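The structure appears right after this line, and notes come after that.
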Amino acid sequence: MVLTWEVTVSGSANECEAYARDCVRLAEHPNAPPEVRDRLLEMARMWMAAAMEEEKLGGVFTPPLPSDSPHTHQ
């Protein structure tokens, strides 16, 4: 199964930051497997990048594919 990674963020910087906090909170769960924790922390970084982009441009941000995505090697 191949998962695609396409997210378009439109919303306030505060909403993006809230999603980032949620990802970090979930990653800190003691039962989170390492690969899930890593993915959640990567998502948190992307949400924070979206928040900063929203503050900077007031527009829509599409995060890049994760570095380990099979779609980055085309």
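Which residues, taken from the range 25-37, are part of a helix (DSSP H, G or I) and within 23 Å of Asn14 (Cα to Cα)? Once the filter is applied, which keeps residues that are part of a helix (DSSP H, G or I) and within 23 Å of Asn14 (Cα to Cα), the range 25-37 yields Arg25, Leu26, Ala27, Arg37. In contact with a strand residue (DSSP E or B) (Cβ under 7 Å, 6 or more places away or on another chain), loosely packed, with under 14 Cβ neighbours inside 10 Å and modelled with pLDDT under 85 - does that describe any residue in the range 56-74? Yes, the conditions are met somewhere in the range 56-74.
The values are calculated or read from the model by the stated rules, or taken from the named source; none is laboratory data. In this text, all values refer to a predicted model and were calculated from it rather than measured experimentally. In this analysis, Cβ positions are derived from the backbone assuming ideal geometry, glycine residues included, and neighbour counts consider all displayed protein chains.
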